[in-house]
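Chemist: One structure is given below, represented as structure tokens, and several questions about it will come after.
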Amino acid sequence: AIIAAVMGVQTALRVHSEETAVRVEPLLATSLRRSTYLASNALIALAGPAAAMAITGAALGLVAHARDDTIAVRDVIFQAGSSIAAIWVLVGIALAAVGAAPRLRVLAWASVVATFALTLLGPTFNLPDWVLAISPLDHVPNVTAAAPDWTGLVVLSGITVVLLAISFIGFGRRDVG
């Protein structure tokens with residue numbers, strides 16, 4: 001999930017790279033609207049990690065099922081798919097930074113590093129639950145549980161929508177170029 005998040009964040013931050021290389025201004029001088037330009041980049045930044053998680057889930061599911069036939073391929077795919085909302089929060093942070101305040105784009109990488117550290121190292125250091133809950137991946141439910149709690153995914157999706165709105169509003173208002 002972290003690798004997919006890095007891929008999405010890197011794609012989102014490419015919007016700023018293109019802007020500083022003065023490749024966006026000539027495009028926006030034509031009939032191309034800012035929202036269309038940003039939407040095309042956001043679509044790639046969001047779809048890439050989703051596709052990567054789907055492919056990874058399918059591959060891991062097939063390998064796991066081949067080694068242990070009690071593991072259902074669809075369960076592994078669904079678990080990987082449920083991580084997409086958490087990854088989109090990280091991509092949303094990058095898009096919001098690029099759209100509204102490019103000088104804060106380091107927050108995108110900081111959020112990825114924090115998520116990595118909290119998810120992998122947090123339990124090792126017995127960090128309190130409230131600290132672990134800072135990581136979006138902490139809110140991904142176990143889809144094989146008897147009654148998975150989907151609330152975390154709904155909240156993560158809502159956060160992503162808010163971050164995307166910030167991105168589009170900010171990109172539409174600031175001086176690009």
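Chemist: Consider Pro102 carefully, then state whether it is at pLDDT below 95 and either over 28 Å from Leu32 (Cα atoms) or among the acidic types (Asp, Glu) (or both).
Modeler: Against the criterion (at pLDDT below 95 and either over 28 Å from Leu32 (Cα atoms) or among the acidic types (Asp, Glu) (or both)), Pro102 does not qualify.
Chemist: Still on this structure, please answer the following. Tell me the residue from Ser40, Ser35 that is of a type in the set (Ser, Thr, Tyr), closer than 19 Å to Ala165 by Cβ and without any contact (Cβ under 8 Å) to a residue 12 or more places away in the chain, please.
Modeler: Matching residue, one of Ser40, Ser35: Ser40.
Chemist: For region 1-56, what are the residues that are part of a helix (DSSP H, G or I), among the aliphatic types (A, V, I, L, M) and open to solvent by 60 Å² or more (accessible area, probe 1.4 Å)?
Modeler: Listed by number, the residues that qualify are Ile3, Met7, Leu27, Leu43, Ile44, Ile55.
Chemist: Of everything in region 84-107, what is open to solvent by 20 Å² or more (accessible area, probe 1.4 Å) and assigned to a loop (DSSP other than H, G, I, E, B)? Give them in sequence order.
Modeler: Arg105
Chemist: Can I ask one more? Does Val22 satisfy the criteria of being over 20 Å from the mean Cα position of the chain (by Cα), farther than 30 Å from Ala146 by Cβ and of a type in the set (Val, Ile, Thr)?
Modeler: Yes, satisfied.
Chemist: Continuing with the same structure: Looking only at region 57-76, filter to residues that are in a helix (DSSP H, G or I) and open to solvent by 60 Å² or more (accessible area, probe 1.4 Å); which one of those is nearest to Ile2 (Cα to Cα)?
Modeler: Leu60
Chemist: Same structure, new question: How about region 108-141: which of its residues are open to solvent by less than 90 Å² (accessible area, probe 1.4 Å) and closer than 17 Å to Ala80 by Cα?
Modeler: Once the filter is applied, which keeps residues that are open to solvent by less than 90 Å² (accessible area, probe 1.4 Å) and closer than 17 Å to Ala80 by Cα, region 108-141 yields Thr115, Thr119, Ser135, Pro136, Leu137, Asp138, His139, Val140, Pro141.
The values are calculated or read from the model by the stated rules, or taken from the named source; none is laboratory data. Just so it is clear, the structure is predicted and the values come from calculations on it, not from any experiment. We place every Cβ from the backbone using ideal geometry, glycine too, and count neighbours over all the protein chains shown. We work out accessible area using only protein heavy atoms, side chains counted, and drop any ligands, DNA or RNA first. Shrake-Rupley method; radii C 1.70, N 1.55, O 1.52, S 1.80 Å.
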